[in-house]
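This report refers to the structure that appears directly beneath it.
The values are calculated or read from the model by the stated rules, or taken from the named source; none is laboratory data. What you see is a predicted model; the values in this text were computed from it and never measured. Don't worry about glycine lacking a Cβ; one is built from the backbone with ideal geometry, like all the others, and counts go over all protein chains shown. Just the protein is used for accessible areas: all its heavy atoms, side chains included, with ligands, DNA and RNA removed. Shrake-Rupley method; radii C 1.70, N 1.55, O 1.52, S 1.80 Å.
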Amino acid sequence: MSLIYNIGLLSGIQPQGVLRLEGTAQGKTGFLENAWLQIENGRIAAFGPMSTCPSLEGIDARGGMVMPGFCDSHTHIVYAGSRDGEFLDKINGLSYEEIAARGGGILNSADLLHQTPEDELYRQSMTRVQEMMDKGTVALEIKSGYGLNPSDELKMLRVIRHIKESVPAAVKSTFLGAHAVGRGYTHEAYVQAVIDMIPQAAEYADFIDVFCDEGFFTVEDTDRILTAAGHLLTPKIHANELAVSGGVQVGVKHLALSVDHLERTTDAEIEALRGTWTMPTMLPGSSFFLGLPYGRAKDYIKAGLGVALASDYNPGSSPSGDMRFVMAQGCIKMRLTPIEAFNAVTLNSAYAMGVSEQYGSITVGKRAALILTEPGWDLTKLAYQYQTPYIREVIL
Ligand code: NIG
Ligand code: FE
């Protein structure tokens, strides 16, 4: 049992049973000034105002803010080496598609991954997980998708499982065999190979993903793959990053838990998502890095939907897992209020990876996966002064 007392501001309080926040609810959260919070068996046991504090033994927050840690529902942090060699091509004006067409991009990462022994892949990936946890991420989803053949995809899924077993953060695993056509396959043969991999992948993974976008996989491919996955794996789909792809609609059809990217969205996508359980998820880090439009998060919220934000941490389109920067971009570039952006990187992103019963808010019974800040911080300052160090401790 432990107690945090003298909390200047307890932020992100939600009642039990609230698993996502939509429409105007996304702009609200609960606060308590001058508070204490009790932790028992790794869970939030109780909290209240200092006037009712049960004791003064434990962690003195000295006026710092306590908030739920970040949930990052979309990452590709298991990869080998780096793609910094393509960084210059990008600076010199080549697009993501042009770099990929030259054999760079995802296939370049697949070649590097193929050459890298499994324990070394684990070691390299763990440095990124540690970096993310140090920055306050307490739950993360990790995708395969740099294997692109049965043995290398399984290698990735084993590494994700190994990470899951060795870190205090919650880890969810996604089979993204359909990330690009693997070397040596025709498009058709590779789609079939992905379908054939599903039963084995399902032993490791929680979710299935398809890069449903121009130049990668079509709506028909996606439909076939998700039909084959059936009840084995819940979909989370890459859609509408490079073009209006139809990925949102096919994702909704297959009850995807989330549809992600959405840099290119028309009103039809917003309409397709209304009244569904699918969480629209935007990845401002890839808009920033690739110079793509930012997602229309505000329009989704106006339409009564909820929005999640995630980092997309990967070597090609978003080499950063900094969720505080994601939150700041939500405010600065997507015009979300600090509370809307905060809910997008905590409770709604927890929902988008199926962990919002345990993570994403200050709620009795949830995991005590928390960020304790230095004195004087609040949610607005967090996004506004987005580079100033603020974390005193990540409690996991
Ligand atoms: O989410 N868009 C597809 N996949 C990743 C990029 C992967 C890569 O370039 O290595 C993304 O942006
Ligand atoms: Fe991605």
task: Count the DSSP beta bridges whose two residues both fall in the chain, then state the antiparallel fraction as a percent rounded to the nearest 5.
output: 45
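Scan the chain and report its longest stretch carrying no chymotrypsin sites (Phe, Trp or Tyr not before Pro) that are both in a DSSP loop and have at most 15 other Cβ atoms within 10 Å.
Details: sites that count: 185, 277.
That gives 1-184 as the longest site-free run.
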- request: Normalising by the residue count of the chain, find the relative contact order in percent from Cα pairs under 8 Å and 6+ residues apart.
  value: 22
statement: Residues other than residue 192 with Cβ under 12 Å of its Cβ, Lys/Arg counted +1 and Asp/Glu -1, net out at -2
field: the chain: angle of helix 323-332 to the longest principal axis, Cα-based, in degrees nearest 10
entry: 90
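Determine the sum of side-chain charges near residue 121: Lys and Arg each +1, Asp and Glu each -1, restricted to other residues whose C-beta is under 11 angstrom from that of residue 121.
Values: positive: 123, 155, 158; negative: 118, 119, 120, 152.
Combined, the nearby Lys, Arg, Asp and Glu give -1.
Classify region 306-385: rounded, prolate or oblate, from the alpha-carbon gyration tensor (a ≥ b ≥ c, eigenvalue square roots; a/c under 1.5 rounded; otherwise prolate if a/b is larger than b/c)? Display every interim value, and only then the final one.
Values: a/c = 1.57, a/b = 1.13, b/c = 1.39.
It is oblate, given that a/c is not under 1.5 and a/b is not larger than b/c.
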message: My understanding is that a pair violates if its Cα-Cα distance is over 32 Å; which of 164/302; 155/381; 135/155; 298/366; 28/155 do that in this structure?
response: 164/302; 155/381; 28/155
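Looking at the square roots a ≥ b ≥ c of the eigenvalues of the Cα gyration tensor of the chain, which shape do they give, rounded for a/c under 1.5, prolate if a/b is larger than b/c, or oblate? Could the numbers behind the result be given before it?
Values: a/c = 1.80, a/b = 1.62, b/c = 1.11.
Prolate, because a/c is 1.5 or more and a/b exceeds b/c.
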- request: For the chain, with all protein chains present and a 1.4 Å probe, just round the carbon and sulfur fraction of the accessible area to a whole percent.
  value: 52
message: Over the chain, with the other protein chains present, what is the accessible area per residue in square angstrom, probe 1.4 angstrom?
response: 38
- prompt: Which shape class, rounded, prolate or oblate, goes with region 128-184 when its Cα gyration tensor gives a ≥ b ≥ c as root eigenvalues, a/c under 1.5 marks rounded, and past that a/b bigger than b/c marks prolate?
  reply: prolate
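What net charge do the residues around residue 252 carry, taking every other residue with its C-beta under 11 Å from that of residue 252, with Lys and Arg at +1 and Asp and Glu at -1? Display every interim value, and only then the final one.
Values: positive: 253, 274; negative: 269, 271.
Net charge around residue 252: 0.
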The chain: calculated mean residue ellipticity at 222 nm from DSSP helix runs of at least 4, using -39500 (n - 2.57): -10000 deg cm²/dmol
- request: For the chain, find the longest principal axis of its Cα atoms and tell me its angle to the long axis of helix 105-115, 0 to 90°, nearest 10.
  value: 90
task: Could you pull out which residues in region 41-63 have an amide N less than 20 Å from a spot 7 Å beyond the Cα of residue 34, following the Cα-Cβ vector?
output: 47-63
